[in-house]
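Undergrad: Below you'll find the structure I mean.
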Amino acid sequence: MDFRNPGQAASSRLAGSRSVQGAILVILFSLLSLQDAKAHDPGLSSLTIRQRPNSLEATLTLAVKDAAQVAELDKDHDGILTQAEFAQTRSQLETAVARQVIIAADGKVARAQSVRSRLDENNNVEVLLNFYAVGFSSLEIQSKIIASLPLGHRQYLQIQNTTGETVFERLLSAAADRATVQLPHTDASTVALVVVRSFTNFLCLGVKHILTGYDHLLFLFGLLLVARGFFSSLGIITSFTIAHSITLAVATLHLVQMPSRIVEPLIAASIVFVGIENLLRGDIPTARRMVAFGFGLIHGFGFASALREAGIGSGTGGIVLPLFSFNVGVELGQIMVAALALPIIWKLREHPMFIARWAPACSAAVVLLGSFWFVQRVWMA
């Protein structure tokens with residue numbers, strides 16, 4: 001039995017009811033806050049800076065939804081960023097990133113020498129920047145781009161030395177978007193060792209690629225089969241070398257791209273063409289140097305695939321030194337093959353029987369093998 005007066009009992013019930021209502025409101029507000037936090041995930045990006053003997057490389061990785069805050073990538077606003085849309089809008093993103101990712105070496109701001117970007121298979125956007133910087137002991141990094149991203153966004157900063165070892169890590173935010181790091185001293189002998197090792201590795205890769213690139217060798221053999229002397233052979237080899245060096249460079253530097261599904265059949269077609277030309281014209285055609293140059297441009301794209309497989313041109317390493325040393329390796333491989341094959345060809349050409357029968361037979365074999373590779377690469381790929 002309640003001995004309180006009616007007014008006190010009513011007041012107590014009202015207070016209890018208000019307490020329950022307050023608790024319910026607190027719970028609902030908390031649930032709504034959690035839902036809102038989930039709906040507006042601030043996100044995480046990464047910025048990796050790698051030291052090279054004469055440069056710095058920065059790789060910024062963003063989720064597509066974050067990259068869309070920096071530049072208008074999704075043109076049709078359907079929530080899906082396609083490779084075609086990205087190709088049309090990537091320049092806006094590259095310009096914004098180059099302007100807002102600031103790197104200073106020993107207090108001097110480094111300018112980006114090249115900027116590239118790609119949309120990867122995980123629906124992330126990578127922006128790759130190369131800076132010329134050499135002989136520094138400290139770095140200042142500022143990522144102003146965080147201010148363009150959702151409130152609370154964090155960016156994982158990582159700095160690696162020339163051997164790939166991580167020497168600095170920090171989590172950046174809009175309120176703390178910069179970091180300064182003192183780098184361990186790297187003497188000239190260490191830098192020279194890294195350069196020599198890189199040069200040697202890619203030199204050997206170039207030699208190996210040409211010695212195991214049977215289609216390239218067969219094309220070169222077809223060209224030289226009807227060569228009559230040293231200067232004729234030198235002109236053909238020089239034309240081929242200049243041409244494939246041009247396209248190797250432009251393909252590795254991403255100035256011109258050609259997919260392998262087109263390049264590989266064209267290389268096979270070049271072999272067929274040279275073999276048929278040998279059969280129809282017999283002696284060395286007057287335009288053989290132009291043929292070597294024209295098809296050499298195609299073969300250069302084939303050589304570039306070897307560098308792409310090694311990660312060159314994708315932002316994981318320097319470009320100039322590997323490109324140069326790989327090309328030197330290809331030329332050394334060609335010289336080795338020519339030095340062995342040409343004296344034999346010249347000696348055989350002294351016999352009329354070789355010119356009348358064996359040279360056409362060899363050219364026919366070139367046509368047949370090139371045709372086989374063409375069919376294989378077009379219909380059996």
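The values are calculated or read from the model by the stated rules, or taken from the named source; none is laboratory data. Remember, predicted model here, so these are calculated numbers, not experimental data. Glycine also receives a Cβ, built like all others from the backbone with ideal geometry; neighbour counts cover every protein chain displayed. Side chains are part of the model used for accessible areas, which takes the heavy atoms of the whole protein and leaves out ligands, DNA and RNA. Shrake-Rupley method; radii C 1.70, N 1.55, O 1.52, S 1.80 Å.
Undergrad: Would the range 333-381 count as rounded, prolate or oblate if I go by the C-alpha gyration tensor, calling it rounded below 1.5 in a/c and otherwise prolate when a/b exceeds b/c, oblate otherwise?
TA: Values: a/c = 7.14, a/b = 1.61, b/c = 4.43.
Oblate.
Undergrad: If I stretch the segment between A176 and K208 completely, what's the gain in nm (0.36 nm per residue apart, minus their alpha carbon distance), one decimal?
TA: 6.6 nm
Undergrad: Something else: State, to one decimal in nm, how far the label point of K347 lies from the label point of F231, with both points 7 Å from Cα in the Cβ direction.
TA: 2.5 nm
Undergrad: Could you calculate the FRET efficiency of Q83 with F324 from 1/(1 + (r/R0)^6), where r is the beta carbon distance between them and R0 is 51 Å, rounded to 0.05?
TA: So the FRET efficiency works out to roughly 0.95.
Undergrad: Here's something else I'd like to know. Expected output is a single nm value to one decimal: the length gained when fully extending between H254 and R118, i.e. 0.36 nm times separation in residues minus the C-alpha distance. What is it? Mind showing how you got there, number by number?
TA: Values: separation 136, 0.36 × 136 = 48.96 nm, distance 1.16 nm.
Net length gain for the segment: 47.8 nm.
Undergrad: How much of the accessible area of the range 214-310, probe 1.4 Å, is carbon plus sulfur, in whole percent?
TA: C and S atoms contribute 70 percent here.
Undergrad: How far apart, in nm, are two points set 7 Å out from the Cα along the Cα-to-Cβ line at K144 and at E169?
TA: With each label placed 7 Å out from Cα toward Cβ, I get 2.9 nm.
Undergrad: With a 1.4 Å probe and every protein chain left in place, work out the accessible area per residue of the range 335-381 in Å², rounded to a whole number.
TA: Details: 3300 Å² over 47 residues.
Value for the range 335-381: 70 Å² per residue.
Undergrad: Give the carbon-plus-sulfur fraction of the accessible surface of the range 88-161 in %, rounded to a whole number; probe 1.4 Å, heavy atoms of protein chains only.
TA: Summing carbon and sulfur atoms, their accessible area is 44 percent of the total for the range 88-161.
Undergrad: A further question follows. To the nearest 0.05, what FRET efficiency results for V109 and Q376 with a Förster distance of 41 Å applied to their C-beta separation?
TA: Approximately 0.20, to the nearest 0.05.
Undergrad: Let me ask another. If you count, for each residue, the other Cβ atoms within 10 Å and average over each peptide, how do 354-367, 61-74 line up from highest to lowest?
TA: Working: 354-367: 16.1, 61-74: 19.4.
Taking the mean over residues of other Cβ atoms within 10 Å, the ranking is 61-74, 354-367.
Undergrad: On to the next question. What distance in nm separates the two pseudo spin-label positions at R197 and A361, each 7 Å out from Cα along the beta-carbon direction?
TA: Modelled inter-label distance: 5.2 nm.
Undergrad: Taking the Cβ of S148 as the center, what net charge do the other residues with Cβ under 13 Å away carry, scoring Lys and Arg +1 and Asp and Glu -1?
TA: Result for the local shell: 0.
Undergrad: Taking θ = phi - 60°, what integer Hz values does the Karplus form 6.51 cos²θ - 1.76 cosθ + 1.60 yield along the range 240-257, in sequence order, with x for Gly and Pro?
TA: 4, 5, 4, 5, 6, 5, 4, 6, 4, 5, 5, 6, 5, 7, 6, 7, 9, 10
Undergrad: Something else about it: Could you tell me what fraction of 2.2 N^0.38 Å the Cα radius of gyration of the range 114-171 comes to, as a two-decimal ratio?
TA: Taking the Cα Rg and dividing by 2.2 N^0.38 Å, one obtains 1.35.
Undergrad: Less than 18 Å from a label point 7 Å out along the Cα-to-Cβ axis of E72: which backbone N atoms in the range 80-109 qualify, by residue?
TA: Counting only backbone N, you get 80-82, 84-97.
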